[in-house]
Amino acid sequence: MNGSPFSSLTVFNTVKFDKVRNNSSPLLQQAEKEYEQGKRTLNTLKIIDRPLWKKQYADAVQLLENEYQLRKEILMGYSDPQSLQKVPFIIPVKSI
């Protein structure tokens, strides 16, 4: 992720915001590529046949999946903020 406009997914200035918004398709492709690479890496590991290590592996797979889904939804949210309302793991803020 070095050098990508969202090394940190938080956007605080309009230049960065516009850069992410205007390049959402390549950034989503980059996120997908990094996710697939992470999956390949995890799938090549030889897991010790013990419950502790099997659980560690399952947790690592779930973490990778969750991080990818979050990144994808955040990127999509820059282009279409309304899409964030449909994400099941993001709790909407209620207006006062």
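Rule-based calculations on the coordinates, nothing more; no lab input. Everything quoted here is computed from the prediction, not taken from an experiment.
Structure notes:
- Cα pair count fraction exceeding 19 Å, expressed as % - the range 25-96: 49 percent
- Amide H within-cut-off set for VAL87, under 5 Å, with H built and near neighbours excluded: none
- Among the listed pairs LYS16/LYS72; LYS54/LYS86; LYS46/LYS72; LYS19/LYS39; LYS16/LYS39, those beyond 26 Å (Cα-Cα): LYS54/LYS86; LYS46/LYS72; LYS19/LYS39; LYS16/LYS39
- Residue by residue, the range 35-47 carries 3J(HN,Hα) couplings of 5, 4, 5, x, 4, 4, 4, 5, 5, 7, 5, 9, 8 Hz when phi is fed to the Karplus relation 6.51 cos²θ - 1.76 cosθ + 1.60 (θ = phi - 60°); x denotes Gly or Pro.
- Stretching the chain fully between TYR57 and THR14 yields a gain of 11.5 nm (0.36 nm per residue, less the alpha carbon separation).
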